[in-house]
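What follows draws every value from the coordinates through simple rules; no lab data is involved. Being a predicted model, the structure only gives us computed values, none of them experimental. Here the Cβ is made from the backbone with ideal geometry for all residues, glycine too, and neighbour counts use every protein chain on show.
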Amino acid sequence: MFSFFRRKKAPEAAPPDTSEPAASVAPVVPSPESAASPETIAASADSAGVRTVFEPKAEAPAPEPAPAASEPPPAPEPVESPTRGGWLGRLKSGLRKTGGSITTVFTGTRIDEALYEELETALLLADTGVPATEHLLADLRRRVKEAKASEPAQVKALLQDAIAELLAPLEKTLVVGVYHPTVIMVAGVNGAGKTTSIGKLTKHLADAGASVLLAAADTFRAAAREQLAVWADRNRVEIISQQGADPSAVAFDAVAAGRARRLDVVLVDTAGRLPTQKHLMEELTKIRRVVTKADITAPHEVLLVIDGNTGQNALAQVRAFDEAIGLTGLVVTKLDGTAKGGVLCAIAREKPLPVYFIGVGEKLEDLQTFQAREFAQALVD
């Protein structure tokens with residue numbers, strides 16, 4: 001699934017600087033635990049969107065001489081996963097309800113104010129939001145003028161470019177393996193697909209060779225522990241689960257166990273929370289504090305799973321959860337069948353957090369990395 005390339009042994013490295021976000025796309029630096037190995041093998045991001053850094057089990061050959069400064073080494077060429085091949089088709093199908101009203105705007109033969117007015121209405125109906133809609137229309141008018149477009153089909157292609165540019169800041173790669181363990185805390189309201197998304201991410205990580213520990217800290221919802229245990233059993237990974245225990249205690253035990261066992265990733269499944277219920281959000285904040293007590297550098301990622309069907313309400317959730325626990329990224333699920341997929345444009349304009357994954361179905365391959373150009377093409381097909 002991953003394409004591998006070799007990195008030369010780095011000088012003795014200091015512990016990772018905690019001021020650097022773990023989701024950075026900068027070149028990964030071996031952790032102190034892996035600095036003693038002859039060399040490190042790093043996995044480039046595949047369709048699962050996870051860049052990993054693991055120690056090789058076999059002894060590596062001697063490193064080749066470093067190239068001249070004027071000739072930097074070529075970047076590794078990622079190999080596309082077979083599951084990515086049909087992804088764009090599934091994404092287009094999933095966003096058909098959202099993009100249908102937008103594409104019908106370009107069925108006419110004239111570029112006039114009526115076209116822009118219809119497009120404005122279509123974007124607002126897709127839950128793009130007022131700020132993002134105004135930005136896109138202004139950008140589109142500029143592009144049309146510069147390109148001297150004369151056909152609606154040309155305007156349609158220019159709209160794709162405008163949306164792709166707006167969404168580009170959301171396109172980031174999730175990096176694991178810099179910290180041991182990399183602690184990923186996952187939050188979300190009930191029904192957003194949080195636990196299922198954790199299970200799919202666990203599968204991708206396990207397939208990549210990462211050692212994963214799940215923390216069943218969702219003690220609030222009935223059967224949440226059992227659901228996560230099924231994913232743990234299916235992926236043959238360990239799980240920390242205590243019936244009736246305090247969620248913070250479960251999270252603490254999981255992070256401590258991950259450090260003791262020198263695991264690669266600890267995924268903490270927190271209880272579903274409504275941002276309007278203050279006491280529940282305070283408990284979520286407590287989990288984050290306790291995780292930091294178990295590992296001063298953790299959590300390294302704080303992800304929010306949002307349901308694409310909620311439209312502008314998703315943006316309100318992002319604001320509330322970010323204020324409470326300091327989000328580092330998003331997972332957007334259930335984009336298939338929704339007419340509100342334009343909410344990613346609203347997020348990009350008002351709260352541009354990385355969107356690591358998007359989902360358009362229940363199957364494992366239906367959770368893929370977010371790519372701005374793909375999304376724009378699927379939205380305005």
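Stretching the chain fully between residue 322 and residue 92 yields a gain of 79.8 nm (0.36 nm per residue, less the alpha carbon separation). Counting Lys and Arg as +1 and Asp and Glu as -1 over every other residue whose Cβ lies under 12 Å from the Cβ of residue 299, the net charge comes to +1. For the range 297-381, the set of trypsin sites (Lys or Arg not before Pro) satisfying both a DSSP loop assignment and a count of at most 15 other C-beta atoms within 10 Å is given as 363. In this structure, the amide hydrogen of residue 238, modeled 1.01 Å from its nitrogen in the peptide plane, lies closer than 5 angstrom to those of 212, 214, counting only residues at least 5 positions away or on a different chain.
In the range 365-381, whose amide N lies under 20 Å from the spot 7 Å out along Cα-to-Cβ of residue 111? List them in ranges. Within reach of a label on residue 111: 377, 380-381. Rounded to the nearest 20 debye, the dipole magnitude of the range 331-381 is 240 debye, with +1 charges on Lys and Arg beta carbons, -1 on Asp and Glu beta carbons, and the Cα centre as origin. Scanning residues 5 or more positions from residue 246 or on other chains, none has an amide H under 5 Å from its amide H, with H placed 1.01 Å from N in the peptide plane. Normalised Debye scattering of the range 305-381 at q = 0.12, 0.18, 0.19 Å⁻¹ gives log10 I(q)/I(0) of -0.30, -0.69, -0.77, counting only Cα atoms as equal scatterers and leaving out solvent. Put the Cα centre of the range 240-314 next to the Cα centre of the range 365-381 and the gap is 28 Å.
Taking 16 Å as the straight-line reach from the Cα of residue 156, the lysines in range (excluding those fewer than 8 positions away in the same chain) are 92, 145, 148. Projected over every direction and averaged, the convex hull enclosing the alpha-carbon atoms of the range 151-196 yields 5.9 nm². Put simply, the amide H of residue 127, placed in the peptide plane, has no neighbours under 5 Å, leaving out anything fewer than 5 places away on its chain. Under a model in which nothing but the beta-carbon of Lys, Arg (+1) and Asp, Glu (-1) is charged, the range 179-371 shows a dipole of about 200 debye around its Cα centre. Of the GluC sites (Glu not before Pro) found in the range 288-367, those that fall in a DSSP loop while having at most 16 other beta-carbon atoms within 10 Å are 362.
Computed from backbone phi with θ = phi - 60° and the Karplus coefficients 6.51, -1.76 and 1.60, the 3J(HN,Hα) list for the range 368-380 is 9, 5, 8, 10, 4, 5, 4, 4, 4, 5, 6, 6, 10 Hz; x is used for glycine and proline. Computed from Cα atoms alone, the Kirkwood hydrodynamic radius reported for the range 87-169 is 13.2 Å. Count Lys and Arg as plus one, Asp and Glu as minus one, and take only other residues whose Cβ is under 13 Å from that of residue 106; the net charge is then -2.
Extension gain, residue 226 to residue 173, is 16.1 nm, computed as 0.36 nm per intervening residue step minus the present C-alpha separation.
Spacing of the modelled spin labels on residue 236 and residue 147, each 7 Å from Cα toward Cβ, amounts to 5.0 nm.
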